[in-house]
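Accompanying notes for the structure given below.
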Amino acid sequence: MPGQYVYECPVLLPTLERAEKIVPPEFIPCYEWFVEHTNAWISVLPHNMKPQPDTPVPLSRLSGIHSPSSARVKYANGRRYALSVHSSNQKRYADRKPIHLEDGTWIFDYAAYEGDVVDQGYNATLLNSLTDGIPVGVMVREKVGYRVLGLAFIERYNYATRMFTLHGPVTSQTVAAGTFAIPGFDELPPQEKQILIEYDGSDERRVVTAQQVRREQQGKFREALLNAYSGTCAITSVNVPEVLQAAHINPYRGKKSQVVNNGILLRADLHLLYDAHLISVEPDSLEVAMSERLADTAYLQYNKHRLHEPTSREMAPNRDLLAMHYEQFRQENQVLVA
């Protein structure tokens, strides 16, 4: 994993039913609490409530990432999972605001732990949850109290930005709608669907099938963008296919994530900068915006450069998704002035 730029959840169809067969039994009533309280407002975090929720283990702790200790629950093979996360708007962390999507779900980028108590293994529990398709409860600080966003699957970890991308709420309805399945899942034959439903990252046949589906979908997405942009980088006009990549405007799973309107064809290095929120696209003018951190680099030549649009307006980047990315970019950077 450390050698990769972005690590994505290898479980192609995570479900609550599957997760409940893996986690300690004490987690299941906790999941039920988060599902029942989806979008609820609470005055304090659950572990500070009086009385506390009637669950086998506390739903939260002072630390932002909460994983019940091995003394409280028994983890299979000693592999610990996070039960919940909360964001308290601490300046030391760059947690982003939840982005609400058209399908009624949300994505939330949550910063990795940066503290001194590394022996607690906070980030490791989130990475285990990411790898094994285990959901976490999510709570976000408001001006007063907290908003329970609900359960979320961790869909990716970006090693450059040190951010986990969470997607929720996880309910029986959102799972049944295919919200968290890899794009293309619905197109598979029933036999291959069943293979992926049971996929746990270990069985060789399932690993091969999962990798094949992922490659095919990534290839289709890139091919669609190559056609939409006439094989030309939307910023540099470079037309060498070998260095062009399909960049997601917003990286989340679901049926609408792999559509052309959620992508931009970019040269590989600009794709990395875009994912790292060091460059963005202003949604109204379609001009490239840059972080001041790029002021003394060769990338300065692209500042305020207008994005080349696809030949068909129907394939143009979704302005609302661009606005979401741009807002996150502005939260994290001093914008370079022309």
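Tabulated data for the structure shown
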{"item": "Max mean-square fluctuation residue, GNM over the chain, Cα-Cα springs under 10 Å, options GLN245, GLN217, GLN173", "result": "GLN173"}
{"item": "Cα long-axis angle, helix 204-228 against the chain (0 to 90 degrees, to the nearest 10)", "result": "30 degrees"}
{"item": "Neighbourhood net charge (14 Å Cβ-Cβ; Lys/Arg +1, Asp/Glu -1) for ARG267", "result": "-2"}
{"item": "Relative contact order computed over the chain (Cα-Cα under 8 Å; 6+ residues apart), in percent", "result": "16 percent"}
{"item": "Alpha carbon Rg of region 61-170, scaled by the compact-globule rule 2.2 N^0.38 Å", "result": "1.03"}
{"item": "Mean Cβ neighbour count within 10 Å, used as a protection proxy, ranking 128-137, 224-233 highest first", "result": "128-137, 224-233"}
{"item": "Carbon + sulfur, % of accessible area of the chain - ligands and nucleic acids excluded, 1.4 Å", "result": "50 percent"}
{"item": "LEU336 long-range amide H proximity, modeled H, under 5 Å", "result": "MET290, SER291, GLU292"}
{"item": "Amide proton proximity set for ALA181, modelled H, under 5 Å, gap of 5+", "result": "GLY254"}
{"item": "Among ARG306, ARG267, ARG156: highest mean-square fluctuation, GNM of the chain, C-alpha pairs under 10 Å", "result": "ARG306"}
{"item": "Ratio of Rg to Rh over region 120-161 (Cα coordinates, Kirkwood Rh, two decimals)", "result": "1.05"}
{"item": "Solvent-accessible heavy-atom area per residue, rounded to whole Å², over region 240-338 at 1.4 Å", "result": "49 Å²"}
{"item": "Accessible area in square angstrom per residue, region 17-141, 1.4 angstrom probe", "result": "50 Å²"}
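The values are calculated or read from the model by the stated rules, or taken from the named source; none is laboratory data. Computed from a predicted structure; not experimentally measured. Every residue, glycine among them, receives a Cβ derived from its backbone with ideal geometry; neighbour counts consider all protein chains shown. Keep in mind that these areas ignore ligands, DNA and RNA; they rest on the heavy atoms of the full protein, side chains included. Shrake-Rupley method; radii C 1.70, N 1.55, O 1.52, S 1.80 Å.
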